[in-house]
Structure formats: C-alpha cells, structure tokens
Amino acid sequence: MRELLTETEYYNGPPIEYTLELLSLALRNNYFRFETKWYLQKAGTSMGVAMAPMYANSYMYQFEKEYIFKRHSKLILKYFRYIDDILILWRGTIEEAQKLVEDINGSDTPIFVTSHIHQCQTQFLDLEIRVEQGRIEYQMYTKPTDRNTLLHYESAHPKHVKDSLPFSQFLRVIRNNSDITRCEEQIQQMYNKFTQRGYTRGILDKALTKARDRMAGGVTLSRNNKDRIPFPMTYNASTTQICHEINTNWRLMENDILVYTQVTALIPSLVEDRCRDRNIQAGYACVRYHYDYRRRSHSGIAKMVNTGEINGSSNLMDFLDEPIPDVGTYEDFHTIDWLREKSRDTDRHRKITSKSKESVFEFVKGLLDAWSGWVVMLLIGLLAGTLAGVIDLAVDWMTDLKEGICLKGFWYSNEQCCWTSNETTFDDRDNCPSWQKWSELTIGKSESSNLFVTVAKMVNTGEINGSSNLMDFLDEPIPDVGTYEDFHTIDWLREKSRDTDRHRKITSKSKESVFEFVKGLLDAWSGWVVMLLIGLLAGTLAGVIDLAVDWMTDLKEGICLKGFWYSNEQCCWTSNETTFDDRDNCPSWQKWSELTIGKSEGASAYILNYFLYIMWALTFSFLAVTLVRVFAPYACGSGIPEIKTILSGFIIRGYLGKWTLLIKTVTLVLVVSSGLSLGKEGPSVHVACCCGNLFSSLFSKYSKNEGKRREVLSAAAAVGVSVAFGAPIGGVLFSLEEVSYYFPLKTLWRSFFAALVAAFTLRSINPFGNSRLVLFYVEYHTPWYMAELFPFILLGVFGGLWGTLFIRCNIAWCRRRKTTKLGKYPVLEVIAITAITAILAYPNPYTRRSTSELISELFNDCGALESSQLCDYINDPNMTRPVDDIPDRPAGAGVYTAMWQLTLALIFKIIITIFTFGMKIPSGLFIPSIAVGAIAGRIVGVGVEQLAYHHHDWIIFRDWCKPGADCVTPGLYAMVGAAACLGGVTRMTVSLVVIMFELTGGLEYIVPLMAAAVTSKWVADAFGKEGIYEAHIHLNGYPFLDVKDEFTHRTLATDVMRPRRGEPPLSVLTQDNMTVEDVETLIKDTDYNGFPVVVSRDSERLIGFAQRRELIIAIKNARQRQDGVVSNSIIYFTEDPPELPANSPHPLKLRRILNLSPFTVTDHTPMETVVDIFRKLGLRQCLVTRSGRLLGIITKKDVLRHMAQMANQDPESIMFN
C-alpha cells in the first residue's frame, strides 16, 4: 500500500504514514461474524471491514503487474477483475492457459486460484456467458453458496431502502438475460419472491415498469461516489493504540467535521482530555476517518475463480483466544434468536462430546456439563424453598408486630412466643403472658369498649368499553377432495388454512341474516357440545365396564342366589347374617363347590373351585380374542401408541371406528375378568378416542378437517384417563404431556370440561358403591418425614430398573412374535398365557383376586377395622389411642405370611406381564405396573416400619419415631412404589404425580411422589430414552417424530433429499404442456403421494405442489362432468390457458388444487433445522430448491430413515405402513 500511494501522482490525502497506521489498526482489530460465530482475523487480508475491497484491489493491482501482465500479456485479449474474481479472454491454447494458473499458484505469494477453462461458456459474477451460433448469449447466474434472502417489507429498514430494492433487482434480471423468455420467467420468480416477503403489488408493478423503461431508454445508473475511504474498527477501553493515534493527529482530525461530530457524540471525554492520562469509556465505539483520494482508474470488471485461502494458511479465521465481552448477548427489550441459540448450544454440546474422548479430565467435564441442568434445578429449589420459608416467617412476625410483641424475644411471632407457655390451655388458648399487646405494654390495658380504628382504601376501578381457496377447483365441491388415504400423514398447515377459510366464510355470512347468525353460533358451540357428548358416553361406558368387570371377576368363584347378575359385594349388601366379626358369612353368595357338591372347605372343594376358575378364565379370554380377530382386529393392544401416532397426523382408517368401539368395550370386560396381568386404563383412552371420533363425524367442522378432528381426540384421551383413574386434572396433563402432538389453549379448556363431565357421570353411576371414582381411593393420617426420602428414592431406582427391564424384554418378545410363526397363532398364544396365569395365580390369594382389589389393599392404611393379613399386628391391650392414630406395632404371623406371598406375587407379576402385554386382545399396562410397584413398596414399607419399631433408638429414628408413635405408613410406600414403576415404564412425570395425588385425595404426599417419579425417570433414561409406547411405535414402524428426541448431527438437506446420485430424476408435472394421459400414466407408474409442478422440465423452476389423490379425483370428476375432456386434453396449472390450435381438445384447468406455497428449504439447510420444521409444523414433505430451481424432495419417512441411520440403525428395517 505504501508503494502504491507513493507511485500515484493523484494522491492528495493526509500523510501516507498516518493513513497506513489507520489501516493497520483497522486490520489488527478486525472482529467479524461468520454464520453464528465470531472470529478474529490474525493473518492475511482483512475481509471483514468496509475498506477490505479497496485494500484487496490495491494488493491485486501490484500482483497483476508483477505476475500476470509482465509474463503473459501477449496472450491476453481482454482482462476483467472484480476483487478476487477474474475473467480472461485468452488468445493461446488450453495448455498455455493452464500454465498461467500454475505460474500464479507457484509464485511466492499467498494467492491461490482454481480455474474453469472452456472454449464457449463460463460463469462470471452473476452472469452465465456462452457462445451459441456465433453470437454471445448470457443469463443471470447464482452461486450455490448465495443465500438470496430478500429484505422483508416489515423490517425496520428505512422505507426508501425497501422501496428501491425491487427496482434494482428487476433491473438486474433484465440486464443479465439476453433471452426474452427466460428473462420473463426470472422476472415472475423474482416477483413471487418479493410477494412472499411482504411487498404489495403496487410497489412491485411500479418498480418493474420503471426497470423496463430504464432499459428501453438505454440510460445507465450512476452512483454518487464520495472520494472518501472509511476506516471502521471495533474498539474498547483497553485498546490504547487508537487513543494514541487520535491524540497524535488531533489537529488533522478536528478539521474534518465528520470525524469531529462522530467522535464527540460517542466519547465526550475523548475531546475534553485528548485521551491524556485517562481511559476512554468502556464499550464499543466506531471511529471513522475520511480523506480525499482520487482513485487511479483501473479498467475492467473482475474475477478470480474460486479463490482459496489468501495466505495459504488455515489460520485465516481462527477463533478468538479470548471471548469478546458481550458478544452473543442481547440488548434490553429485544427478542432473542431461538434458532441461533439452539445452534450455538448444539455446537457447544458437540464440542464437549468430541473433547470428552481425549482425556479423563475432559470426560469428567462433560459429565459435569450434562448434570449442570439438574444441579441448577436443585439450587433453584433449595434457594426458592429457603426464601419462601424466610418470607413466611417474616410475614408471620411482622403481621403480629402490628398488634403486639413477645417479651421472650421481639423476633418471635405470637404463635412461636406461646408454643411453650404453661398458661396457654385448650379452653383459654389466648392466655399467654409472654405476648403483650401494645396497649398492655404502654397503658396497661388490653381491652376497650368504644375504640374502633378503621383503615380503608378505595381502589378506583374503570371499565374498558369497546367494541385463496386452494380446493374449489370446480363450482361445486368434489367428493373426497381434501381427504387422505389410509396410512398417510395429514398436512397440518393445509388443514389449518382450510379451517381458517371456513371460519372466515361463516363470520362473513353471519352478518347477512339471522339464520346465518344462528348457524355461526351453533358452529362456535359445536366444540363444547362434542365435549359434553364425549364426557357423557365415556363416563357411562366406564361405569358399565367397572360393574361388568366386578361381576364377571366374582363369577369365576361363585354366584349370587338372589340374582346371578349381582357381584359378591352387591349380593351381601343387605344380608343380615354378615357381621363385622364374620364378614364372609353371606348365605346369599355361594361358591361353585357349595352349589355343586355342597362343600366349601376341603380338598375336593378346592380342586373344583380351582378347575372352574381356570375354565372361566379360558372362556373369557377365548371369547375376547375371537371377537377381536373376527370383528375388530384394531381392538387389540393398549391403543396408546396408535393414538399418539394418529394425533401426530397419521391416518389409520377404522382404528377409531364404531366396531372397534363396541368390540373393545366388550372384550375389555372379558380380558380383565379373565385374571390376565393387564389393565383397562390404557384401553380406556382408546375407547374414549373412539367416542370422540364417533361424535366428530356428526359435525362437519370436525368430520371434514383432520386437524380439527385431532383436537377432539386430544380431549378424548384426557377423558379416558379421567374415568380410568378418577383424575380429571391428571387426565388433561396426561394428554398434554404424553399423547398429544398439537395442543392449543382452547383444547386445554375443552379437555378439562370433557374430563369433568366424564368424572361427574362416573360418580353418578357409582360403580364401586363407595362414592368414589376408583376402587383404590385412600386417605392417610400420618405425615411423612425427611428421613423417609431415602427409601422413597430407592423405590424410584427400583421403578427405573423395572421399567428398563420390562421395555427391553417385552419389545424382544413382541419382535419375536412378529418375525416367527408365533404371530400366526394369536388365539393359541392367548389361551396358553391365560392357562399359565390362572394355574399359577389361583394358589396365591394376592394374585387370585383382581389387580385393582390387590392395589386397593396394598394402598390402605391399617386401621382398627381392617381384617387383612397385612394388618395382622400384635396389639397392645392397654392402647387407648384414637382409631386414626394407631401406633406402630410389632408384626404378627399374618404379616410375615403376607410378605412371602407378596414376594412370590411380585416375581409372578414381573414375569407374566412381559408376555401378556402386546397380545391380540385389549391390554393396558397402567394397572400391572402400579401393582408391581405397590407390592414392592408395601414390602419396603413394612420393613421400614418394623425397623423403626425395634430400633427406635437409632439416630435416624430418634427424633421422629418415638415409642408409641405412629411413624411409618406402609400404604404410602406402596403408593410411591406404584408411581415409580409406572413412571419407569411410561417415562411420565408431571401427569403421573398429579394422577397419584388425585387418587390419595391430598397434596401432602406430593414430594415423595415427585422424588420417586424423577428418580425412576433418571434411572430408566440412563439405559434408554424411549418409554414403552415410543418403543412400540418404533416396533410397528409408524411414522412418528417424537418431539422429545434430539437431533444433533451435522448433515444437510442435500444429504437426505430424493433423488440421490444414481437414482432416476424426480417425477414432476409441468405447468402447461402435459396431457391428461401423461398425468394418468405418471400416476399409474409411480406410487408417490404428490408431484411438484414446475415451469418446464428444462428450467425446473418450482410453481407448486399437487397431491396424487386430488389429481386422481379431479381428473375422474372432470371426465364425468365436463364435456370435451379427453386423454389428449392439456392440463394447465396457470391462470390463463395456453395457446392451442383451433382443433385441439378442451383443456383442463387444475390450478385450484395446486398448493402455490409449498414449504421449501435450500439444499444447504441443516437437517437439525429440517427435523424441527417437520416436528413443529407437522409437514408431510418439503421441497428442496436452489435459487428457485427444484432439486429434490424430503418426506417425513426420509427424515425418519435418516434419523435411524444416524442412530446406527438399519433405515430399511423400519416397517413403514
């Protein structure tokens, strides 16, 4: 630069050395941002500041003079360069051109070039130039690395900047195209891009007319370039060099009004003290110095093709050794960039993961980073809890301070002051000499008959008073257009758009007449009506199922003589012989042995009852599997995996149909009554969703819109859990946390309403006769203690381990069922498992009874009226404590017998549930999981209870479990264990805790439940992130994108899109030159769900997207209802028909079935972003483009295959459909 400025005779700026010092400062302080990261340029030519192009031009001038013109000028016809892009018209041979490139790359400079040598075509800047038939043709060219993002009209840029942008872009398109047809195509594409970015047609039409007029008049644009060179630089207070330069050259700078104004505005102290003996204010300033400089003219345009690293070193853009303060932060009252923050966190996590393999220290750092979130949550909980306690104590003290003070210590509140007062009694609880009111302390009086002090505040209140349809391609709607085929995914964006159009149409019509207004009201209230009907029907079915299960379960052991339809409990309600001491004495109820051989005891009676128990179980299970297999195959299983998949947008016809509802309701009663290790809670969700689908079909608002239908199904899922557990709030949270894919706020309210109606209906039926919604409702009267958190956490660990074991074993067994002959004999499998279950269950009283009754007994606290073996304690005859406060007692023989029987029952339940879940019958998993956890929890609870009783002097029991106290509640341990096991299997957390405390009727035990649920999830997640429902979704190959999964791989859209290299080209439709026969042939020869529509096969410019199903329906209806449509008819997707010969057949316009705004991404979009888009927008497919040209397509299945491949799984092993 010194040489250049010295040589030129036109330079008349400041001293050259001063200019070079400013230049050096700008280069050395060059921080710049690339994508999402900040860099400091340490070597080479600065490309991150505004003066870099001038500096590069100066450098290249010297380079060209020495290495190009001096050696090869004779062979250069024309030479053009723009910064680092060079275009040469060459006189010599190709070999001589290659020699030029070799000379440049072999020079002792940091310049390195890559070349593109061709005889008749090349790309230069934004032009593609070629020689055709002796003349030069050119068109606009876009580099693959260019983003081409246009400024949005709603941005905060000045209006004149936004208004001038369309003109400049249109002018660029017109200038850079020699072919008129291609020019018009690119103008239309640019027009569409601006429209998508918020520009109005008026602005665009005006800009386009102005651009055409400018080109027609032959007037060229001229810029008013000021002869000033900017020197911008980043700067902070620790940089003394800049301060020194300003101080040294202040006389020169203060003569320039621009510099003086900017510096004084940014740093007032700078002008006052000239930077002498004091630091400049912290922060960043941008000092800009200008000087006159008449540039030496250098003819030509520019190009150095694909310039590599400027100085040949990889250090050109190193990370900063130290982070720049405040980089990556945001200003106050600004919005964060979520995508950028997510990308930064992904990069951070990827860096930590790669470093963790280098050393043990880095591995430990990685572990600490992974656990930092939980540590933060722990600290937040500790601090928030401490602050809440301090606030409560302070509020209590200061509230009492308004009335009096404690003489023991002014820091005591009234209650604390009187805790140990001997004068305070139950009859005179206000007698506390240590506490004195202010009147007692000052005038010696505590009462007054006529002194009233009233403080009042009136708060002023105020009132605020105020007051492109894509589918209608024919005048009348075509049947089945807008619907989906079986085993296909819905288009969420399209469904939402259709519902918005429908709502807008109803709103506009409601102003026309009273009738239309009433129709609008009915449409608005139809959602609540559907919720009401779902709640009533689901609650009624739940009550009927409970009553039927209760009767048929007892039917395996005996029958009621009053009426065979009575269960054991109902039969004995009015029996006079049944007493408290002999509660089993009920002559109206007889076991089968009494009814047949007249004996209730003895070997023969036991064998007969045993045999009939097995036969009834086999009969029930055989009827269930036969009904499912013959009438409704979709009625098998839990239903929750399929419900999750359906709610994510997948179509499974018949899964929520009327036959499925009927058969699942009937067979659910049969399988639960058979004694198999399964429950009705999961299938209850399926039954409720069938009810939701049934009532949705009655209202066109939901029947014709799959997106709206799924809002109803989400609410129905909440209803299913509500009636299964008697937990309306837990049901809503279960739907939100575990099942639903799209859950707007209005669905939350409607779900709550439907769950409330269902719970009220079930309560009205009262199936259990105890005025409760569930059989195992319990209440505890003893609080829990902090020392008990340790066994609660141990139960959480057990739940996590059990969940992992069950998921892996059950999935392995179900996979074996799918891949072997076992799956061909579902009836025999059900019969075999039922027989094994009945044979092993009958001898143990805890496995013989229904699982719900078992859970109820395990949850119950042992009161004075209990007769269970679990409550066979040795009582103290002198005990006179209240019934609800029975102290801990030593275990009797019955408790020890119950312990080993429960241990056997635990082993049996763990094993048999693995083989039962997934058979071709309705099978829920909630109740078996709760039973396993309740058994384990009860065993642990009894153990802790006896340990506390016999070793109450241990340090862990000394403070809270004294002799004669009711310390430990074994039933609470059973409930905590149940929550832990259910959480380990399903990975539920919040909804699980809410369901469990709704069962107990109190919030006091929410902390133990939370501790167990979180621990079980931690332990289970350590072995695998999938819950049982996600595992079955993947086993069945449903296209389900779980929002809980993280995708952190660094792949791009071009790596996933179809077609790939070696595959046939993408099947597309053209906008106006394909016949009906061509389209029908394409549909017949392919099985794609839709086809992109392009301008032509040569240009591949994207127009829109047409669905396969709608093409078929539209063509079929056009042949039937429109005259003149034949196989040779041209199909066009444009507004105006193409120009056709006079004798051509009638064309078919299908523009209105075309999606004119399909979702597109560029080929360089990270797959992390693409996966997020598919998850959050529910896309079926997205198109991949580059500069408007169609490159390929990515479907939901492509995304799933890619995710499987990145997880080291075989992508082709996923069984789609």
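A few remarks follow.
- Taking the listed residues 1161, 1171, the one that is out of contact with any Lys or Arg (no Cβ under 8 Å at 6 or more places or on another chain), open to solvent by less than 20 Å² (accessible area, probe 1.4 Å), assigned to a helix (DSSP H, G or I) and at pLDDT 90 or above is 1171, with no other qualifying.
- Qualifying residue in region 291-301 (condition: over 39 Å from the mean Cα position of the chain (by Cα), over 30 Å from residue 88 (Cβ atoms), open to solvent by less than 50 Å² (accessible area, probe 1.4 Å) and at pLDDT below 80): yes
- Checking every residue in region 690-697 against the condition of being assigned to a helix (DSSP H, G or I) and out of contact with any Leu (no Cβ under 7 Å at 6 or more places or on another chain) gives at least one match.
- Taking the criterion of being hydroxyl-bearing (Ser, Thr, Tyr) and open to solvent by 10 Å² or more (accessible area, probe 1.4 Å), the only residue of region 1006-1029 that qualifies is 1015.
- Here residue 868 clears all of (1) at pLDDT 90 or above; (2) of a type in the set (Ser, Thr, Tyr); (3) over 23 Å from residue 725 (Cα atoms) except the condition numbered (1).
- Screening the candidates 192, 177 for the property of being under 22 Å from residue 1094 (Cβ atoms) and touching a strand residue (DSSP E or B) at 6+ places or on another chain (Cβ under 8 Å) yields one hit, 177.
- The residues listed here are 723, 774; of these, the one that is among the aliphatic types (A, V, I, L, M), part of a loop (DSSP other than H, G, I, E, B) and either surrounded by 18 or more Cβ atoms within 10 Å (Cβ to Cβ) or at pLDDT 90 or above (or both) is 774.
- Residue match in region 917-927 (condition: touching a helix residue (DSSP H, G or I) at 6+ places or on another chain (Cβ under 9 Å), modelled with pLDDT of 90 or more, among the polar types (S, T, N, Q) and in a helix (DSSP H, G or I)): no
- Qualifying residue in region 1043-1050 (condition: more than 22 Å from residue 645 (Cβ to Cβ) and not in a loop (DSSP other than H, G, I, E, B)): no
- The lone exception for residue 1148 - which of (1) open to solvent by 30 Å² or more (accessible area, probe 1.4 Å); (2) in contact with a helix residue (DSSP H, G or I) (Cβ under 6 Å, 6 or more places away or on another chain); (3) not basic (Lys, Arg) it fails: (1)
- Among residues of region 688-704, those that are open to solvent by 10 Å² or more (accessible area, probe 1.4 Å) and under 26 Å from the mean Cα position of the chain (by Cα), counted: 1
- Among (1) open to solvent by less than 20 Å² (accessible area, probe 1.4 Å); (2) more than 30 Å from residue 824 (Cα to Cα), the one test that residue 949 misses: (1)
- A single member of 855, 831, 839, 793 is open to solvent by less than 20 Å² (accessible area, probe 1.4 Å) and assigned to a helix (DSSP H, G or I), and it is 855.
- Scanning region 131-141 for residues that are in a loop (DSSP other than H, G, I, E, B) and surrounded by fewer than 15 Cβ atoms within 10 Å (Cβ to Cβ) turns up 133, 134.
- Yes/no for residue 380 being under 33 Å from the mean Cα position of the chain (by Cα), β-branched (Val, Ile, Thr) and loosely packed, with under 11 Cβ neighbours inside 10 Å: yes
- Scan of region 1177-1186 for residues that are open to solvent by 30 Å² or more (accessible area, probe 1.4 Å) and more than 15 Å from residue 1053 (Cα to Cα), ordered by number: 1177
- Picking from residues in region 899-920 that are of a type outside the set (S, T, N, Q) and under 18 Å from residue 852 (Cβ atoms), the one that is surrounded by the fewest Cβ atoms within 10 Å (Cβ to Cβ) is 908.
- Qualifying residue in region 1093-1109 (condition: more than 25 Å from residue 1187 (Cα to Cα) and either open to solvent by 20 Å² or more (accessible area, probe 1.4 Å) or not in a helix (DSSP H, G or I) (or both)): yes
- Inter-residue pairs, beta-carbon under 6 Å, first closer than 11 Å to residue 190 by Cα and outside any helix (DSSP H, G or I) and in region 158-171, second open to solvent by less than 20 Å² (accessible area, probe 1.4 Å) and of a type outside the set (D, E, K, R), 6+ apart: none
- Some residue of region 609-630 being open to solvent by 40 Å² or more (accessible area, probe 1.4 Å) and either among the polar types (S, T, N, Q) or at pLDDT below 90 (or both): yes
Let's see how each residue does on (1) more than 30 Å from residue 1197 (Cβ to Cβ); (2) outside any helix (DSSP H, G or I):
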site: 485; (1), (2): no, yes
site: 495; (1), (2): no, no
site: 504; (1), (2): yes, no
site: 511; (1), (2): yes, yes
site: 515; (1), (2): yes, no
site: 520; (1), (2): yes, no
site: 534; (1), (2): yes, no
site: 537; (1), (2): yes, no
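- One residue stands out in region 189-216 among those that are open to solvent by 60 Å² or more (accessible area, probe 1.4 Å) and within 37 Å of the chain's Cα centre (by Cα): the one that is farthest from residue 1096 (Cα to Cα), namely 200.
- Unique match (being farther than 23 Å from residue 666 by Cα and either surrounded by fewer than 18 Cβ atoms within 10 Å (Cβ to Cβ) or under 47 Å from the mean Cα position of the chain (by Cα) (or both)) among 515, 564: 515
- Where residue 1136 falls short, out of the listed (1) at pLDDT below 90; (2) within 39 Å of the chain's Cα centre (by Cα): (2)
The values are calculated or read from the model by the stated rules, or taken from the named source; none is laboratory data. Just so it is clear, the structure is predicted and the values come from calculations on it, not from any experiment. A quick note on method: Cβ atoms are made from the backbone with ideal geometry, for glycine too, and the neighbour counts reach across all protein chains shown. Just the protein is used for accessible areas: all its heavy atoms, side chains included, with ligands, DNA and RNA removed. Shrake-Rupley method; radii C 1.70, N 1.55, O 1.52, S 1.80 Å.
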